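The values are calculated or read from the model by the stated rules, or taken from the named source; none is laboratory data. Just so you know, these numbers come straight off a predicted model, no measurement behind them. All Cβ positions, glycine included, derive from the backbone under ideal geometry; neighbour counts span all protein chains shown.
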Amino acid sequence: MTQKQTHTGPLMVRGKGIGFFKKLDAKEDEEDIVIQTDQLGFGLDGDIVEIEVLPRIAGRRTEGKVIKVIERSREEFIGVVQPAGDKKPQRYLLPDNHRIHVRILLPDATKTDEGMKVVVKISEWKNPLQDPIGEITETLGKAGEHETEMQAIIRDGGFSENFPPKVAEAGKKLYARRDEIFEQAILDTKGDNPKRRDFRDRLTMTIDPADAKDFDDALSVKKLDNGNYEIGIHIADVSHYVREGDVIDNEAKERGTSIYLVDRVIPMLPEVLSNDLCSLRPNEERLAFSAVFEMDTNAGIVNEWYGQTIIYSDKRFSYEEAQAVLDNNQGDHLNDLNIMMNLARLLRNRRYKNGAIAFEQPEVRFELDENGKPLRAYTKVRTETMLMIEDFMLLANERVTEHVHNIAKANKRDAAFIYRIHDTPDPDKIEELAIFIHALGYEFETNKGNVSAKNINKLLTDIEGKPEANLIKTATIRSMAKAIYSTKNIGHFGLAFKYYTHFTSPIRRYPDLMAHRLLRKHLDGVEIKASEIARNENLAVQCSEREMYAVRAERDSIKFKQVEFMLDKVGQTFAGLVTGVTDWGIYVQEKESQAEGMVRLASIKGDFYNNEASQYRIKGEKTGHTFSLGDEVEIKLTRASLEDRQLDFELVN
C-alpha cells in the first residue's frame with residue numbers, strides 16, 4: 001500500500017476559491033500544488049495547514065487536499081453585512097479581503113446591520129462544505145464612510161492605532177526620565193575610548209517631507225584641513241531608550257513597522273518616542289547612532305567610524321526648501337548643501353555604474369478635506385534633494401553591513417546580523433517579461449532567463465518619458481524577487497550591493513532597531529550565540545511578513561481614495577492608458593489619479609473585439625483595429641463603486 005504523502009505550510013487561496021500550496025522543500029522549477037475549492041476543507045487564505053497529495057491525473061497539475069488546519073492566519077474578518085437575498089431571513093458577511101472564499105452567515109444580524117462594516121469572529125463551522133457561522137464583535141460604521149474604511153483597512157491588516165495602556169505608560173515614564181537618561185549618555189563620551197562621541201559642534205540638518213513629524217536621520221558636514229569632507233549620517237538612537245524585551249520593545253516587535261495610510265500614520269513606537277524623545281528635532285540635543293565618513297572630493301571613503309553620538313540639529317529643511325536653496329543658488333547653508341549634493345551625485349553615478357537598477361515610480365497623493373474626502377489627486381514630485389538623502393542612507397546601510405562583516409572576519413566569528421536581501425530574478429518570470437517587452441516594441445536582452453542589471457537599466461533608459469514607461473516599470477518590478485529580511489546574506493540584486501541592511505529608520509522599522517543592537521555588540525566584541533541568531537531569523541521572517549501587510553494596507557487606502565475621488569465624476573471623460581488586456585475587457589488607468597478601471601469588450605461599439613493574449617492586445621474582427629498595452633486612449637467613467645472599489649469606463653470615439 002502506497003504511503004500517503006503529506007506536507008505542512010502556508011495555504012494561498014486565489015481567484016474563485018482555488019488553493020495553492022508550495023512545498024517547503026520544493027525545487028526551483030517545481031509548480032505549486034493545486035487545491036480545488038471542494039478540497040480546501042476548513043482552510044482559509046494564509047492559514048498554516050497540513051495537506052495530502054492526491055493521486056496524479058495524467059495531463060493535470062499535482063493536486064492536494066487540506067486535511068488539517070494547524071494555525072489560523074486571522075481570527076477577525078472585516079466586511080459588510082449583506083442580506084442573503086431571495087427573501088431569505090439570513091444575513092452574511094461579504095469580506096473586504098476577496099481571498100476569503102467562504103461567506104460567513106450571521107444569524108444574529110438584524111436589518112439595521114445591513115450595509116454596515118463590521119468585525120466578525122467565526123463561532124461555529126462543523127462542515128467544510130457548508131458556510132461557517134459567525135458573530136459580530138464590533139461595528140466599525142457605515143460602509144463607504146472615510147473613517148469606517150480606514151479603520152477596516154487597519155484592522156484587516158492586523159494593526160491597531162492605539163497602544164496598550166502599559167505600553168503608553170512605559171513611554172510616558174521614559175519621557176519623564178529624559179534628562180536623567182541624557183545625562184547618563186553624556187558620561188559615555190568621557191574617557192580615552194568613548195563608545196559615544198559628541199558631534200554637537202558640527203553643522204547638522206534634517207531634510208524630510210514637509211509634513212514629517214518623526215525625524216529618523218540627520219546629516220552633518222564639515223570641511224577638513226586636508227581638503228576632504230567629514231559627512232556624518234546620524235540615525236535616531238532608539239536602542240538607547242527601547243531596551244530588548246521591555247514592554248515597548250515587545251509591542252514594536254509585534255507591529256514590525258509603521259503604517260502610512262493616505263490620511264494618517266500608525267506608528268511602531270508610541271508618539272512620545274517617535275515624534276519627540278527619539279526624533280532628531282531641530283534646535284534640540286538628541287542621541288544618535290552614527291556612520292561618519294571622511295570622503296575625498298570624488299566621494300571616495302578615506303576613513304569611517306561607527307558608534308553612538310550626541311548631536312544638535314541646526315536646521316530642519318523640507319525637501320522642497322532645500323531644493324529651492326540649490327536651485328536659486330541662495331539661502332541657508334547653500335555651500336554645505338552644494339557639498340552634500342555633489343558627493344551624492346558621485347555616489348549615485350557610481351552605484352548605477354556598478355549595476356544598481358534605477359527604479360523610480362510616481363506616487364499618487366491626495367489633498368483631503370476635514371472629513372477625509374479627496375479634493376485633489378496628484379503625483380508626488382521627486383526632487384533631487386530626495387535622491388540626495390536616499391544616496392547617503394544607502395551608503396550608510398551598505399557600509400555598516402560591510403563593517404560588521406569585516407569585524408567578524410578579523411575576529412574569526414560569524415557575521416551575525418540582520419540583512420536586507422534581494423535574490424536574483426526567477427528565469428521563468430524574466431522570460432515572460434521579455435515576451436511582454438518585445439510585444440511593446442522594445443529590445444530586452446536575456447540569456448535563458450538570466451538578465452543583468454545593465455540590461456534592465458538600458459530598458460529603463462529606453463522607455464524614459466514614454467507613455468508606457470510606468471507600465472513597463474511595474475511589470476519589471478513584478479518580475480523581480482521580493483526584498484526580505486534574513487540573517488543569511490546573499491546580497492541585494494536590485495542595488496548591486498554585496499552587503500546591505502536597513503539601519504537608517506529605527507523609529508519606523510523594527511529590523512533597523514535590531515541592526516543597531518547587533519552593530520553595538522560587534523563594536524563591543526560581544527559574542528552572539530547561536531540561539532540569538534535563530535531567534536533573529538524568526539524575527540526576520542516575521543518582519544518581512546508585517547512589511548507585506550503594511551504595504552497592502554497602504555495600497556488599499558490609496559485604492560479606496562482613488563475610487564472615492566472618481567465618485568462624482570461619472571459621465572466625465574479622461575485621458576487614459578491601457579494597462580492590461582483580458583478575455584473580457586481592457587484595464588485602463590486614468591492619468592491624474594492613476595486610478596485603474598475596466599473597459600468591457602461588450603461596451604466597445606462598432607466591432608466585436610477578441611483578445612490576442614500573445615500580443616497583449618485586443619483586435620476588431622471587421623476593422624482590424626487594435627488596442628494594445630501602453631496605448632493612450634480617451635475614456636468616459638460610467639460607474640464608480642466604493643463597495644467593491646471598482647471603476648468602469650467606456651472608450652470615447
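Suppose we keep only residues that are among the β-branched types (Val, Ile, Thr) and farther than 13 Å from residue 75 by Cα within region 105-142. Which one would you say is surrounded by the most Cβ atoms within 10 Å (Cβ to Cβ)?
118
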**Failed condition for residue 507, given (1) over 30 Å from residue 251 (Cβ atoms); (2) surrounded by 18 or more Cβ atoms within 10 Å (Cβ to Cβ); (3) in contact with a Ser or Thr (Cβ under 8 Å, 6 or more places away or on another chain)** = (1)
**Prompt:** In region 399-428, which residues are exposed (fewer than 15 other Cβ atoms within 10 Å of the Cβ), outside any loop (DSSP other than H, G, I, E, B) and not aliphatic (A, V, I, L, M)?
**Reply:** 406, 409, 428
**Asked** Among the residues of region 81-94, how many are closer than 22 Å to residue 14 by Cβ, buried (at least 21 other Cβ atoms within 10 Å of the Cβ) and under 31 Å from the mean Cα position of the chain (by Cα)?
**Response** 1
**Request:** Being under 17 Å from residue 264 (Cα atoms) and surrounded by fewer than 21 Cβ atoms within 10 Å (Cβ to Cβ) is the filter here, so list the residues in region 209-233 that pass it.
**Result:** 209, 210, 211, 212, 213
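Among the candidates 502, 522, 516, single out the residue that is over 24 Å from the mean Cα position of the chain (by Cα), of a type outside the set (Asp, Glu), modelled with pLDDT of 95 or more and not assigned by TED's automatic domain parsing to the domain that holds residue 632.
Details: 502 fails: over 24 Å from the mean Cα position of the chain (by Cα); 516 fails: over 24 Å from the mean Cα position of the chain (by Cα).
After applying the criteria, what remains is 522.
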**Request:** Look at residue 624 and say whether it is at positive phi and either exposed (fewer than 15 other Cβ atoms within 10 Å of the Cβ) or assigned to a loop (DSSP other than H, G, I, E, B) (or both).
**Result:** yes
**Asked** Does residue 325 satisfy being within 30 Å of residue 564 (Cβ to Cβ) and β-branched (Val, Ile, Thr)?
**Response** no
**Item:** Matching residues, region 124-150, being assigned to a strand (DSSP E or B), of a type in the set (A, V, I, L, M) and in contact with a Ser or Thr (Cβ under 8 Å, 6 or more places away or on another chain)
**Value:** 133, 140
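Can you confirm whether residue 269 is part of a loop (DSSP other than H, G, I, E, B), modelled with pLDDT of 95 or more and within 22 Å of the chain's Cα centre (by Cα)?
yes
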**Complete:** Considering region 46-77, residues that are surrounded by 16 or more Cβ atoms within 10 Å (Cβ to Cβ), of a type in the set (Val, Ile, Thr) and in a strand (DSSP E or B), and then whichever is nearest to the chain's Cα centre (by Cα), we arrive at 49
**Message:** Given the criterion surrounded by fewer than 15 Cβ atoms within 10 Å (Cβ to Cβ) and of a type in the set (A, V, I, L, M), identify the matching residue among 526, 599.
**Reply:** 526
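Let's see how each residue does on (1) in a strand (DSSP E or B); (2) over 30 Å from residue 465 (Cα atoms); (3) of a type outside the set (Lys, Arg):
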| residue | (1), (2), (3) |
| --- | --- |
| 304 | yes, yes, yes |
| 324 | no, no, yes |
| 343 | no, no, yes |
| 347 | no, no, yes |
| 376 | yes, no, no |
**Count - residues of region 544-596 that are in a loop (DSSP other than H, G, I, E, B), more than 25 Å from the chain's Cα centre (by Cα), closer than 15 Å to residue 634 by Cα and not polar (S, T, N, Q)** = 2
**Prompt:** Does any residue of region 437-449 turn out to be at pLDDT 85 or above, part of a loop (DSSP other than H, G, I, E, B), among the β-branched types (Val, Ile, Thr) and within 27 Å of residue 501 (Cβ to Cβ)?
**Reply:** no
**Cβ pairs under 7 Å, 6+ apart, first in region 306-335 and in the same structural domain as residue 239 (by TED's automatic domain parsing) and within 24 Å of residue 197 (Cβ to Cβ), second crowded, with 19+ Cβ neighbours inside 10 Å and aromatic (Phe, Trp, Tyr)** = 308/289; 309/199; 310/199; 311/199
**Message:** So the check is Cβ under 7 Å with 6+ separation or different chains; which pairs have a first residue in region 526-537 that's under 24 Å from residue 195 (Cα atoms) and a second one that's charged (D, E, K, R) and part of a helix (DSSP H, G or I)?
**Reply:** 528/521
**Asked** Is there any pair with a first residue in region 8-33 that is over 15 Å from residue 63 (Cβ atoms) and modelled with pLDDT of 80 or more and a second that is in a strand (DSSP E or B) and among the acidic types (Asp, Glu) whose Cβ atoms are under 9 Å apart and which are 6 or more apart or on different chains, and what are they?
**Response** 8/50; 9/50
**Prompt:** What pairs come up if the first residue lies in region 127-143 and is of a type in the set (D, E, K, R), the second is part of a loop (DSSP other than H, G, I, E, B), and their beta carbons are under 8 Å apart, counting only those six or more places apart or on different chains?
**Reply:** 131/102; 131/103; 135/106; 135/108; 142/115
